[in-house]
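Only the coordinates and a few stated rules stand behind these numbers; no lab work does. Owing to the predicted nature of the structure, the values given are computational and were not obtained by experimental measurement. Backbone-built Cβ (ideal geometry, glycine too); neighbour counts: all protein chains shown.
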Amino acid sequence: MADSDTGAPPRVVLVVAAVLVVALAVVVAVFAVTKKSALSGEGVASGPLPLVAVPAPQATTQACTTIVDALPATLKSNGQDLARRTLAQPAPKATVAWGDGDAIVLRCGLDRPPELTPTAQLRVVNGVQWLQVTEDAAATWYVVDRDVYIALTVPDSAGTGPLQTVSDTVNAKLPVKPLKF
């Protein structure tokens, strides 16, 4: 039924349409705010981090104990301090993590990475030789010139600060050893 004077739709239809437009705007605004929070890392669970155990036959060696004890309580990543993260039990031995969301994870005492070959491209960071193995949204860097193999898994968004800090710790605490293929 149109209004007899103007030909406009009935007032009820206009009120319902206005309410629907406002409700849609509220839903879009709420979605935008929650999406922004998720992308910025706000609201990400920071409880104990569950990690899958991987073979680490040398995790209980003195070298791993030395490194784990010497690692800093925080790592600087893209200008932010990432605090050490509690690991869910049972936690893998000689493993440390920092940050919420996509955590940075260090594991000590691993088997030799199969990618370490005589022709593998290595990088030296602050006196430590690393082998980089790139994954989907992260890279795992392996220390290859010490008594034990150490892996540092870093999300793509982390920057180079964690690698430099861990290199400094490894270089200060563990002597250099020849590469083993």
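How compact is region 42-181 by the rule of thumb for globular proteins, expressed as Cα Rg over 2.2 N^0.38 Å?
Expressed relative to 2.2 N^0.38 Å, the Cα Rg reads 0.99.
Could you sort the peptides 89-101, 140-152, 121-133 by per-residue average Cβ neighbour count (10 Å cutoff), highest mean leading?
Numbers: 89-101: 17.9, 140-152: 21.5, 121-133: 15.8.
In decreasing order of mean packing, 89-101, 140-152, 121-133 become 140-152, 89-101, 121-133.
Just how many % of Cα pairs in region 62-121 lie over 15 Å apart, if you round to the nearest whole percent?
Considering region 62-121, 59 percent of its Cα-Cα pairs are separated by more than 15 Å.
Once you keep just the Cα pairs under 8 angstrom separated by 6 or more residues, what percentage relative contact order results for region 76-181?
So the answer I get is 25 percent.
Count charges around A151 for me, please; just the other residues with Cβ under 13 Å from its Cβ, Lys/Arg as +1, Asp/Glu as -1.
Details: positive: R107, R112, R146; negative: D111, E115, E135.
Spelling it out: positives minus negatives among the neighbours equals 0.
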